[in-house]
Amino acid sequence: MDILFIADPLAKFKIYKDSTYTMMAEAARRGHALFACEPKHLAWASGDVEATVRRVTLVGDESDPHRQPWHESAPHESRSLASFGAVLMRKDPPFDMEYVTSTWLLELAERAGAHVFNKPQAIRDHSEKLAIGEFPQFVAPTIVTRDAARLRAFHAEHGDAIFKPLDGMGGMGVFRVKSDGMNLGSIIEMLSHDGVRSVMAQKFIPEITAGDKRILLIGGEPVPYSLARIPQGNEVRGNLAAGGLGVAQPLSARDREIAETLGPVLASRGLLLVGLDVIGDWLTEVNVTSPTCFREIMDQTGFDVAAMFIDALERAAA
């Protein structure tokens with residue numbers, strides 16, 4: 001089938017670690033035709049959602065994860081999204097109004113018969129930070145508010161807390177405030193834009209030293225290995241984008257309990273691929289926009305995450 005990847009520019013891909021590339025490579029091995037565009041190439045015209053796309057052919061020795069060039073692109077063409085067997089929304093955050101507009105356009109395409117994954121309404125409805133609120137049994141003490149007094153009171157109660165914006169990614173804007181309260185006021189002012197924007201605060205989880213685990217759900221089923229992203233040096237953030245070290249490991253009993261509880265619920269809403277973030281025994285985020293870590297798990301364990309994903313995509317698009 002023809003598969004359209006809506007993603008960041010292909011020129012920015014680091015294929016040695018890019019999960020979208022890993023999906024493309026597996027799809028190409030199965031004979032699927034690959035197409036790519038960016039969200040800016042979507043348009044609604046004459047009652048149909050179309051995109052200016054390019055067919056993509058992978059080139060070079062696949063065993064070389066640093067090869068350049070790694071693809072060839074055909075000339076641009078305009079196609080209705082309903083003409084593709086599957087449309088994958090793989091644009092990285094920020095989740096701004098342009099991202100929201102993309103989900104609205106993709107919803108219109110769905111009504112015309114397009115098969116879009118993840119389902120655009122489900123992407124829009126699941127804040128990657130706030131979605132944990134639906135599953136409080138798995139969540140460490142947490143507050144979301146723009147009220148500086150309540151944020152200060154939360155810190156006073158727990159003594160050691162993490163503060164972060166609701167729309168960040170890759171660990172951007174994440175601060176730890178220890179019991180001395182150093183810079184607490186400045187951090188609250190900055191993250192809340194002086195009380196205009198809501199902030200999340202969570203009790204600090206000491207098990208972060210063992211890693212911020214990324215658990216992948218595909219079609220509601222957990223990949224049997226997580227990627228523990230371990231902070232390095234004096235860094236509190238385990239995110240790979242913040243320099244964390246990724247170590248693949250089997251799911252713990254608690255990891256599996258969380259994954260098997262959330263998996264069927266999220267899959268029923270059209271979320272084919274989800275990345276859960278778990279520190280110790282606690283769920284901290286539910287990532288639905290562009291979950292990653294395929295490559296690291298595959299390289300370290302031999303488990304073929306990409307094959308599991310394309311299997312699920314083929315079933316969902318049938």
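Observations on the structure shown:
- Sequence-distant aspartates and glutamates (8 or more away, or on other chains) whose Cα lies within less than 19 Å of Lys40: Asp8, Asp48, Glu50, Glu77, Asp92, Asp96, Glu98, Glu107, Glu110
- Kirkwood-Stokes translational diffusion coefficient of the range 207-317, alpha-carbon pairs, 4 °C, 1.567 mPa s, µm²/s: 93
- Rg ratio (alpha-carbon, reference 2.2 N^0.38 Å) - the range 31-103: 1.28
- Partners of Lys129 within straight-line reach, counting lysines whose Cα lies under 17 Å from its Cα and excluding those fewer than 8 residues away in the same chain: Lys164, Lys203, Lys213.
- Cα-based helix-to-principal-axis angle, 19-29 vs the chain, degrees rounded to 10: 30
- Loop-resident sites, the range 49-118, for GluC sites (Glu not before Pro), counting at most 14 other Cβ within 10 Å (DSSP): Glu62
- Neighbourhood charge, 9 Å Cβ-Cβ cut-off, centred on Ala74 and excluding it, Lys, Arg +1 and Asp, Glu -1: 0
- Taking 0.36 nm per residue of separation and subtracting the Cα-Cα distance, full extension of the segment from Val265 to Ala112 would add 52.5 nm.
- Added length on full extension, which subtracts the Cα-Cα distance from 0.36 nm per residue, Asp304 to Asp194: 35.0 nm
- Gain on full stretching of the segment that runs from Ala210 to Glu314 - 0.36 nm per residue minus C-alpha separation: 33.9 nm
- Model label sites at His41 and Gln249, defined 7 Å from Cα along the beta-carbon direction, differ in position by 4.1 nm.
- Dividing the mean sequence gap of close Cα pairs (under 8 Å, 6+ apart) by how many residues the chain holds gives a relative contact order of 18 percent.
- Zone of Arg55's modelled label, taken as backbone nitrogen in the range 14-35 under 20 Å from a point 7 Å along Cα→Cβ: 24-35
- Projected onto planes of every orientation and averaged, the convex hull of the alpha-carbon atoms in the chain covers 16.5 nm².
- Pair Asn234, Asp180: separation of 7 Å Cα→Cβ label points (nm): 1.1
- Counted charge near Arg295, where neighbours are those whose Cβ lies closer than 15 Å (Asp, Glu -1; Lys, Arg +1): -1
- Pairwise label distance in nanometres, Leu166 with Arg67, each label 7 Å out on the Cα-Cβ vector: 4.5
- A straight line joining the Cα centroids of the range 57-115 and the range 180-207 runs 36 Å.
- The Cβ shell under 12 Å around Ala33 holds other residues with a net charge of +3, Lys and Arg each +1, Asp and Glu each -1.
- Across the range 2-12, computed HN-Hα scalar couplings (Karplus, 6.51 cos²θ - 1.76 cosθ + 1.60, θ = phi - 60°) run 7, 10, 9, 9, 9, 8, 5, x, 4, 5, 8 Hz from first to last residue, x flagging Gly and Pro.
- Rounded to whole Hz, the Karplus (6.51, -1.76, 1.60) HN-Hα couplings of the range 110-122, x for glycine and proline: 4, 5, 8, x, 6, 9, 10, 9, 5, 4, x, 4, 5
- Directionally averaged projected area (the range 137-221, Cα convex hull): 6.7 nm².
Just so you know, all these numbers are worked out from the coordinates, no wet-lab data involved. The model shown is predicted, which means the values in this text are computed figures rather than measured ones. Using ideal geometry, Cβ is built from the backbone for each residue, glycine included, and neighbour counts are taken over all protein chains shown.
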